[in-house]
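First up is the structure itself, then whatever we jot down about it.
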């Protein structure tokens, strides 16, 4: 569809880049949010008409100025995908209050702030999509993931609250739980013994996000789980 605009946070080498490529292939203009200028420059060359924006999503002022620049350059986004994520490993004895706050700022506060800036126009238009990428930590607090799980669970509940508010106004909110290890170079290095079936393809995650955006409003999904067929769940 012409003139569709997607704003994507967390455009890293895995899911974020795959989301940008997938939506670009569908004719979207892509506003890509990340902190790595070199990666953004390379994606701009690869995806004509897209543009990268450096933003620290833990800083509300940085979010405010970035959204203002996106709207100046592209217009109001029709689709917002919150893929930025931060987590720490370790028991509650290991991570610090500062670690937890940084996780919360990335996973929850930035979702709130971006949405507060982008959704009013979607409400006026009576349409739009807000997709949040989550993981299994949003549903359970494992011993070594308390600092991540507590903030991802908060993110999911905030997303659900937003979905209940925005759905009747014509805006589709969906939460994707990625119940798998994403196939990127560093995870392959961490688990070199694992077969291909152990990993989930970031390209396939992106296809699922596009599917959610394209769903007919008579059958919207909110809680959307994805995992490899061989995943033990």
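Each reported figure results from applying straightforward, stated rules to the coordinates on display, with no laboratory input. The structure presented is a predicted model; accordingly, all values stated were derived computationally and were not measured. FYI the Cβ positions are ideal-geometry reconstructions off the backbone, even for glycines, and counts take in every protein chain you see.
What to note about this one:
- Angle in degrees between helix 60-74 and the longest Cα principal axis of the chain, rounded to the nearest 10: 40 degrees
- For the chain, built as a Gaussian network whose Cα springs stay under 10 Å, the top-fluctuating residue of 130, 118, 19: 118
- When you restrict to C-alpha pairs under 8 Å that are six or more residues apart and normalise by the size of the chain, the relative contact order lands at 19 percent.
- Our summary gives the range 102-222 a relative contact order of 26 percent, counting only alpha carbon pairs under 8 angstrom and 6 or more residues apart.
- Helix content alone sets the calculated 222 nm mean residue ellipticity of the chain: runs of n ≥ 4 DSSP H residues at -39500 (n - 2.57) each, divided across all residues, give -13500 deg cm²/dmol.
- Full-stretch length increase - residue 51, residue 3 - with 0.36 nm per residue and alpha-carbon distance subtracted: 15.8 nm
- What the Cβ-Cβ distance of residue 25 and residue 112 gives, at R0 = 30 Å and to the nearest 0.05, is a FRET efficiency of 0.50.
- With neighbour counts taken as other beta-carbon atoms within 10 Å, the residues 124, 133 rank, fewest first, as 124, 133.
- Rounded, prolate or oblate (a/c below 1.5 giving rounded, otherwise prolate when a/b exceeds b/c) for the range 104-204 by Cα gyration tensor: prolate
- Among 162, 122, 32, the ranking by other beta carbons within 10 Å of each residue's beta carbon, starting with the fewest, stands as 162, 122, 32.
- Distance between the range 133-175 and the range 179-214 - C-alpha centres, whole angstrom: 20 Å
- Among 187, 66, 136, the largest mean-square fluctuation in a Gaussian network model of the chain, built with springs joining Cα atoms closer than 10 Å, belongs to 187.
- Springs join every pair of Cα atoms under 10 Å in this Gaussian network model of the chain, and among 114, 95, 80 the largest mean-square fluctuation is at 95.
- Ordering 172, 24, 82, 229 by the number of other Cβ atoms within 10 Å of each residue's own Cβ, fewest first, gives 229, 24, 172, 82.
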